[in-house]
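Everything below concerns the one structure shown next.
The values are calculated or read from the model by the stated rules, or taken from the named source; none is laboratory data. Remember, it's a predicted structure, so these values are computed and weren't measured experimentally. With ideal geometry, Cβ positions are generated from the backbone for all residues, glycine too; neighbour counts draw on all protein chains shown. Protein only, heavy atoms only, side chains kept; ligands, DNA and RNA dropped before computing areas. Shrake-Rupley method; radii C 1.70, N 1.55, O 1.52, S 1.80 Å.
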Amino acid sequence: MSEKSYYEILGVSKNSKDDEIKKAYRKLAIKYHPDKNKGDKAAEDKFKEATEAYEVLRDPEKRRMYDQFGKAGVNAGGAGFGQGAYTDFSDIFGDFGDIFGDFFGGGRGQRRSGPRKGSDLRYNLEITLEDAAQGQEYKIDIPRSETCADCNGTGAAKGSTPMTCPDCGGTGQIRRTQGFFSIATTCGRCGGKGTIISDPCKTCKGSGLVERRRTINIKIPPGVESGSRLKVSKEGEAGPNGGPPGDLYVVTHIKKHQDFERQGNDLVITKNISMVTACLGGEIEVPTIEGKNIMMKIPEGTESGQVFRLAGNGIPYLGSYGKGDQLVVIKVEIPKKLSKKQKELLLEFAKESGESTLSGIFKGGFFKK
């Protein structure tokens, strides 16, 4: 066997958690399994090496002894892998049914034939920015599988019951032995269910499930964003063999608003003001996402692009207190057509400002003042 440490063999660190070790072993076991690499002695050795490492590291007591004393600590109670001892691989694989499920076509029979949780569902919900800010309740129609009411999910017609599969004895799997490997495959007769239905239910055709559309009320809390996932427990697909239903995940998508742009919890809006208001100051009416209007003061000499903040008029913080702000970006409108009187007044203004030509107005003198 290799002189590498068990952690090196599996490609994990000493601080790795159980699920990380299990994941690493699963990857190596599938890669180097003898059934996948027939006649490859090197692959078989790597498989045994990884299995030896996993057998030690998955056991808290063995792992503690190994971390403290190395292989000698693990083998102190008797011969181990490195001492030429025989290890019952079938027992190991019996414990690792979930690991080899994907490779051999399913998990352990008892799990396949028993109740299982139903699949989760996803629903994409398009909402307005107003509803994202204030919260709203929606009614949505969900197509999903539900337990057949006529057979209570058994799949058998009224007055009959499913029979235990005679080939697998109800486990859903056929176990065969190859050398020191014990391999389970899905039973071909019952398809892994463990039971056979001789008289199927006419409503569900023996599946135990029927397709239904349900209307569900969804409460959208204030502050959601595009991509927010709202979990609605037990509103997913019904579970096979009488298992519990899955969950429903509602994913929100916010429509583009004609006036507001969202930046985090702040809202940005652009407001046009006249050249006169920019120069002399005044008040303008600014809409809010709640549908109200706020009077906002514009100081003298306001420039185009200047930003004013209306505190607390943005989007609420999801699941918390407070709101973002509303940012008002000012855009000064320059008139494209001027009357004769307006031109005379501008020229008079230019003279008073010390501008000798009309072009001086547009070179910055007028707007700077």
Worksheet item: Of these, ILE30, ILE21, which one is part of a helix (DSSP H, G or I), modelled with pLDDT of 90 or more and open to solvent by less than 90 Å² (accessible area, probe 1.4 Å)?
Response: ILE21
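Might you let me know whether region 344-353 holds any residue that is open to solvent by less than 50 Å² (accessible area, probe 1.4 Å) and in a helix (DSSP H, G or I)? Steps first, please.
Kept after step one, since they are open to solvent by less than 50 Å² (accessible area, probe 1.4 Å), are these residues of region 344-353: 346, 350, 353.
From what is left, the residues that are in a helix (DSSP H, G or I) are 346, 350.
Checked region 344-353: at least one residue is open to solvent by less than 50 Å² (accessible area, probe 1.4 Å) and in a helix (DSSP H, G or I).
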Worksheet entry | Matching residues in region 183-215 - criterion: being over 16 Å from ALA149 (Cα atoms) and open to solvent by less than 20 Å² (accessible area, probe 1.4 Å) | ILE183, ALA184, CYS187, CYS190, GLY192, GLY194
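Tell me, which residue of region 282-329 that is aromatic (Phe, Trp, Tyr) and part of a loop (DSSP other than H, G, I, E, B) is nearest to THR270 (Cα to Cα)?
Ranking the candidates gives TYR317 first.
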Response to the item:
If we keep only residues of region 33-56 that are open to solvent by less than 30 Å² (accessible area, probe 1.4 Å) and over 20 Å from VAL74 (Cβ atoms), then the residue nearest to the chain's Cα centre (by Cα) is HIS33
Fill in: region 216-233, residues that are exposed (fewer than 13 other Cβ atoms within 10 Å of the Cβ) and of a type outside the set (Gly, Ala, Ser)
ASN217, LYS219, ARG229, LYS231
Worksheet, complete the sentence: Scanning region 313-328 for residues that are open to solvent by 40 Å² or more (accessible area, probe 1.4 Å) and of a type in the set (Gly, Ala, Ser) gives GLY319, SER320, GLY322
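Tally time: how many residues in region 259-281 are part of a strand (DSSP E or B) and closer than 29 Å to PRO222 by Cβ? Before you say what the answer is, go through the steps one by one.
Of all residues in region 259-281, those part of a strand (DSSP E or B) come to 261-263, 266-274.
With closer than 29 Å to PRO222 by Cβ added as a condition, the list becomes 261-263, 266-271.
Total meeting the criteria: 9.
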Worksheet item: Are any residues in region 196-214 within 11 Å of THR154 (Cα to Cα), outside any loop (DSSP other than H, G, I, E, B) and of a type outside the set (Val, Ile, Thr), and if so, which ones?
Response: PRO200, LEU209
Worksheet entry | Candidate set: region 247-271, residues that are open to solvent by less than 40 Å² (accessible area, probe 1.4 Å) and within 15 Å of the chain's Cα centre (by Cα); chosen: the one nearest to GLY322 (Cα to Cα) | THR252
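Has region 255-264 got any residue that is polar (S, T, N, Q), on the phi < 0 side of the Ramachandran plot and out of contact with any strand residue (DSSP E or B) (no Cβ under 9 Å at 6 or more places or on another chain)?
yes
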